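First up is the structure itself, then whatever we jot down about it.
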Amino acid sequence: MQRIGSLDSAIEMPSARIKLDPQATDAIARRVVELLEQRGLQRRELVDAAELARRLGIERSWVYSHAIELGAVKLGSGSKPRLRFDPEVAARVLRRAGEGPEADPPARSGKRASQPQGSKGRAQLLPIRGRGENGSPPAT
């Protein structure tokens, strides 16, 4: 049986017959952190799809449609869990994809989707009742 007290008390583990004082426990913890950092297992930064898209200069919808390829991490177990991404992993995936035959991700346009445009680049409007097609009053 294992008994763990406060940080100031010793940890007793009867199964191993070892008694560790707080200083030894701290030294072990520091060494474990040091080893993890050496092996690159540091704490990862996770961001949402909007932040990842902003950092990489791509569309958020593209991030969602390629979530698995970008290394998405699911938070929760519901039908639609929130997704988070490690920016370094996603950037590495995009660099590798850029070396291959696949198309580049769409660049971020910086503007929202617009309404359909007319043939002259202007939105088509309905004529005002009683006026002609060019906006002038009808001929009498």
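Read-outs: derived from the displayed coordinates by stated rules, not from any lab. Since we're looking at a predicted model, the values are computed, not measured. Positions of Cβ are generated from backbone atoms using ideal geometry, with glycine treated the same way; all protein chains shown enter the neighbour counts.
Brief remarks on what is shown
- Residue 31-residue 94 pseudo-label distance in nm [points 7 Å out on the Cα-to-Cβ vector]: 4.2
- Whole-Å semi-axes of segment 49-99's equivalent ellipsoid (Cα gyration tensor): 19, 11, 9
- Ranked by how many other Cβ atoms sit within 10 Å of their own Cβ, fewest first, the residues 58, 128 fall in the order 128, 58.
- Ranking 62, 97, 76 by how far each Cα lies toward the positive end of the dipole of segment 49-99 (charges on Cβ) leaves 76 at the top.
- Here the dipole of segment 49-99 is about 160 debye; that uses its Cα centre as origin and unit charges on the Cβ of Lys and Arg (positive) and Asp and Glu (negative).
- Pairwise FRET efficiency - residue 48 versus residue 24, Cβ, R0 = 41 Å, nearest 0.05: 0.50
- Contact order relative to length of segment 49-99, as percent, for alpha carbon pairs under 8 angstrom and 6 or more apart: 30
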